[in-house]
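What follows is one structure encoded as structure tokens, with my remarks underneath.
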Amino acid sequence: RLCKGPSGRFIPLPAPGFPWSSVTIPAPFAMGLNASRDVAEESSGCCCIGPRKAAVGKREAALIALPILPKRALASPVALAAGMEGGDFAPVPRWRPFCCQRRRLSPAASDSPGSEAAAPRIRANMWSDPPEPEAAALKAMKDGLGDDGMQAVRAELAPGEIEDMCLLRFLRARDLRVEAALEMLRKTLEWRRAWGVAAIAAKSFGEVAGCDEQTLAQRMPCWHQGFDREGRPVIFKHFGQMDFPLMLKLTTAESLTMLHVRENERVARLCGEQSQKLGRSISQATFIIDAQGWDPSHMRSKEVLEHAMEVARIDRDHYPERLAQVVIINAPCFVSACWRMLFTDRKTQAKVKIFSRRSAWELALHEIMDPTELPTEYGGSGRTRRYDAA
């Protein structure tokens, strides 16, 4: 199914119901979209790109207004023809009109023809307004923080993180109770200053743990393995190969706790980078935990148990709403009881799925992320990033 585009060439129409929310368009193509609204529609309600007005100068570009279709259809990106190099597409939960806006591009961009910077990419939907109850709570929280408080929040944001999304994470963790969210946020800011979290985030994992990274990859395996179908970072942890008693001989329990903080800061950075790349807010991550070979006797160690309780408290108190979902695979029967002991919050427990049989968890992983992102040992066709530098 084709429609005639603004350049006179034919553009393939997506299938009815494909959910568009963000698209990346090279500026030269946007220059061809003049004042007229060029929209391809069918009786099914399917429509293609349609800016009301686009004017692109040397260092200016127009954000494109896009029609949003219902959330149903494939989650994988589809590239358009007619001069477009490709795009980022993301499903959204509801219909939402977009307004055309203008933004100024970086003055460092080169204007020379044929250069990468000569075709700046134009993004839509970097931030959509929250629903009315959240918007009111967000305004009240900003008023409660004041200028000094907001400045303190901005100083602690991960690169690319949106400050409103940061505040909303705390509000949602406290069911939009503003005073409770403010108290939680202030304690987090104080904790980050006391622990020197910014300095921890700037170090390598080996520097934080006080041992070489090869040992960490073997004895405390935790790595970033691509992104799920919603664009969120996917973090793999192999609990079955974690050797806490040995690590406590090589380093201290405090260093292992700081290592967990460093891992959380990596997640925050990856979310910020994805927000910038996709042009929409990404604030949560998916965690895949492999429990094959896990020794339950480790939990009888006082130091190991205290460490597990401490990292669970840090996640709950200082990294709220960072967890999209947890999938525990190769799980022995006692894993569920241990997880409930560490995470008593029902909201967190509802995000956890536990699988024992490979046939069940392989299907679940394929639903979460593209098989090309999965390592071969987990039923995919990609390579493991376990030993990659963070």
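The values are calculated or read from the model by the stated rules, or taken from the named source; none is laboratory data. Note that this is a predicted model, so its numbers are computed, not measured. Reconstructed Cβ throughout: ideal geometry from the backbone, glycine too, with neighbour counts over all protein chains shown. Note: accessible area is taken over every heavy atom of the protein model, side chains too, but ligands, DNA and RNA are not part of it. Shrake-Rupley method; radii C 1.70, N 1.55, O 1.52, S 1.80 Å.
Worth a mention:
- Residue in the range 234-254 that is more than 26 Å from Met141 (Cβ to Cβ), in contact with an Asp or Glu (Cβ under 7 Å, 6 or more places away or on another chain) and free of Cβ contacts under 8 Å to residues at least 40 places away in the same chain present: no
- Taken together, the residues in the range 231-283 that are within 26 Å of the chain's Cα centre (by Cα) and not in a helix (DSSP H, G or I) amount to 14.
- Scanning the range 266-284 for residues that are surrounded by fewer than 19 Cβ atoms within 10 Å (Cβ to Cβ) and among the charged types (D, E, K, R) turns up Arg269, Glu273, Lys277.
- Residue in the range 144-163 that is within 24 Å of Glu273 (Cβ to Cβ), β-branched (Val, Ile, Thr) and touching a Gly at 6+ places or on another chain (Cβ under 9 Å) present: yes
- Entry remark, the range 199-229: residues being in contact (Cβ under 8 Å) with a residue 24 or more places away in the chain, open to solvent by less than 70 Å² (accessible area, probe 1.4 Å), out of contact with any Phe, Trp or Tyr (no Cβ under 8 Å at 6 or more places or on another chain) and assigned to a helix (DSSP H, G or I) number 6 in total.
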